[in-house]
Every structure is written in C-alpha cells, then in structure tokens.
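Down below is the structure, laid out as structure tokens.
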Amino acid sequence: MERFDRVYVWQLPVRFYHWINALAVTVLAVTGYLIGSPLAVQLGSEASYSYWFGTVRFVHFVAAFVFFFNFAFRIFWGFVGNKYADWRNFILYRKGQIEEIKDVLAVDIMQARTKPLDSIGHNALAGFTYFLTFLAFLIQCITGFGMYAAMSHSLLPQLFAWVVPLLGGDFAVRHWHHVMMWFFVVFSIVHVYLVFYHDYVEGRGVTSSMVGGWKFIEKTK
C-alpha cells in the first residue's frame with residue numbers, strides 16, 4: 001500500500017525561473033568579483049586579442065539583463081501562478097506562520113525534531129527568507145543599473161540614473177552592490193545545504209521537485 005501522494009507543487013515557469021536565476025546569479029557573482037578585483041592577466045599576444053576584462057564586463061551586463069527580466073517575471077507569476085507560487089507565501093501576516101517558523105528553527109538550527117513539517121510549498125521561514133532575498137534582488141538591480149546608466153544611453157539603465165546621486169556617489173553605490181554580492185554567496189551556500197537537509201529529514205523529494213515539479217506527501221489516511 002502506497003504511503004505517499006504525489007503533489008504537483010512547482011509549475012514549469014517557477015522551475016525555469018529558479019534555474020535561470022541560479023545561473024544568472026552565479027555568472028554575476030563570478031564576473032562581479034573579477035570586476036571588483038581584476039586579475040593581472042599577462043599574455044604575449046597582440047593587445048587587441050587580450051581584451052578579457054571587456055569580455056568579463058560584457059558577460060556581467062548580459063547576465064544582469066537576464067537576471068532583471070527573470071526577476072520581473074517571478075513577481076508577475078506571484079499573482080497568476082498556483083497557490084504555492086502566490087506572493088502571499090512570502091509575507092508574514094498570519095499568526096500560524098510565526099509558530100511554523102519556530103518549528104522550522106527546531107528542525108534546521110536546533111535539530112531538536114525530525115518530524116516533517118506540514119508545509120508542502122515554502123515553509124514560513126523559507127518564504128520570509130525569499131522575501132528578504134527579493135529585496136536584495138531589488139537593491140542589486142537598482143545599484144547595478146544605476147552605475148550602468150553612466151555608460152549607457154539605453155532606456156532601462158537610464159531609468160536608474162537617479163540612483164548614484166541619491167546614494168551619495170559612485171563609490172557608495174559600488175560598495176552596496178559589492179556587499180549584496182556576498183549576501184547572495186552566503187545565501188546560496190545555506191540554501192543548497194538546507195535543500196539537501198530537508199530532503200534527508202522529510203523524504204519528500206525536495207531536491208527533485210525543482211526539476212520535475214512533484215513532491216511526495218504522506219497520506220493522511
């Protein structure tokens with residue numbers, strides 16, 4: 001007798017968003033680090049063939065546009081997707097969510113419990129963490145395109161031309177952009193660990209669910 005039900009949790013657009021975002025963030029972090037701390041690459045070839053830093057910047061800018069529009073799509077999908085993608089999952093507005101956060105901390109941090117949580121999609125702590133991550137996404141977009149506005153006449157960067165003067169100059173904006181990069185590095189490490197940990201504790205197919213969309217939930221009867 002089967003003990004689990006298959007539940008379709010992550011729709012295809014959410015899965016596409018997740019993996020595109022993961023790739024974009026990885027590329028942005030690597031190229032952003034190189035832009036902030038460029039390597040002293042010395043080659044014996046003609047200088048015009050050694051324009052590696054320009055290539056790094058170009059890749060960074062392309063990834064930034066992909067990141068921005070992918071993020072905008074996820075905001076849109078939070079209003080039209082299924083209940084697991086709904087934007088309300090990322091806002092703490094119910095009393096029960098606070099209690100669920102305590103339960104998650106008992107499992108993830110204190111490791112005082114191994115009983116699976118009742119949540120099928122994002123638990124309350126994960127949802128709120130992603131809300132903070134979305135704010136970090138917004139900061140990266142604002143500061144990144146704010147700096148890019150000085151060297152581009154394209155419409156999108158020019159919409160953020162006000163950022164650098166408002167935040168006190170180019171140095172301050174670069175500083176915050178760099179700090180947020182390390183936020184994403186730390187978040188990614190913790191995120192990957194917790195995904196595999198919950199897969200081990202709950203046995204619901206957390207890892208594979210972002211590939212196929214399905215989770216396996218214990219039957220109530």
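The values are calculated or read from the model by the stated rules, or taken from the named source; none is laboratory data. These figures come from a predicted structure and were not determined experimentally. Methodologically, a virtual Cβ is constructed for each residue, glycine included, from the backbone with ideal geometry; neighbour enumeration extends over all protein chains shown. For the accessible areas, the whole protein counts, side chains as well, though only heavy atoms, and no ligand, DNA or RNA atoms are used. Shrake-Rupley method; radii C 1.70, N 1.55, O 1.52, S 1.80 Å.
Across the range 53-83, the number of residues qualifying as more than 24 Å from S154 (Cβ to Cβ) and over 17 Å from the mean Cα position of the chain (by Cα) comes to 5.
Just to check your reading of the model, which residue among N82, N70 is assigned to a loop (DSSP other than H, G, I, E, B) and modelled with pLDDT of 90 or more? The unique qualifying residue is N82. Only one of the numbered conditions (1) crowded, with 17+ Cβ neighbours inside 10 Å; (2) aliphatic (A, V, I, L, M); (3) under 18 Å from R6 (Cβ atoms) is violated by V211, and that is (1).
If I ask for residues that are over 12 Å from the mean Cα position of the chain (by Cα), surrounded by fewer than 18 Cβ atoms within 10 Å (Cβ to Cβ) and either free of Cβ contacts under 8 Å to residues at least 24 places away in the same chain or more than 25 Å from W10 (Cα to Cα) (or both), which ones from the range 119-139 would you list? Answer for the range 119-139, where residues must be over 12 Å from the mean Cα position of the chain (by Cα), surrounded by fewer than 18 Cβ atoms within 10 Å (Cβ to Cβ) and either free of Cβ contacts under 8 Å to residues at least 24 places away in the same chain or more than 25 Å from W10 (Cα to Cα) (or both): just I139.
For (1) touching an Asp or Glu at 6+ places or on another chain (Cβ under 9 Å); (2) open to solvent by 40 Å² or more (accessible area, probe 1.4 Å); (3) at pLDDT 90 or above, each residue gets a yes or a no:
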residue	(1), (2), (3)
C141	no, no, yes
A161	no, yes, yes
V164	yes, no, yes
F171	no, yes, yes
R174	no, yes, yes
F184	no, no, yes
V195	no, no, no
Y200	no, yes, no
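Scanning the range 143-156 for residues that are open to solvent by 20 Å² or more (accessible area, probe 1.4 Å) and hydrophobic (A, V, I, L, M, F, W, C) yields M147, A150, M151, L155, L156.
Taken as a whole, the structure places L117 among residues that are at pLDDT below 90 and not in a helix (DSSP H, G or I).
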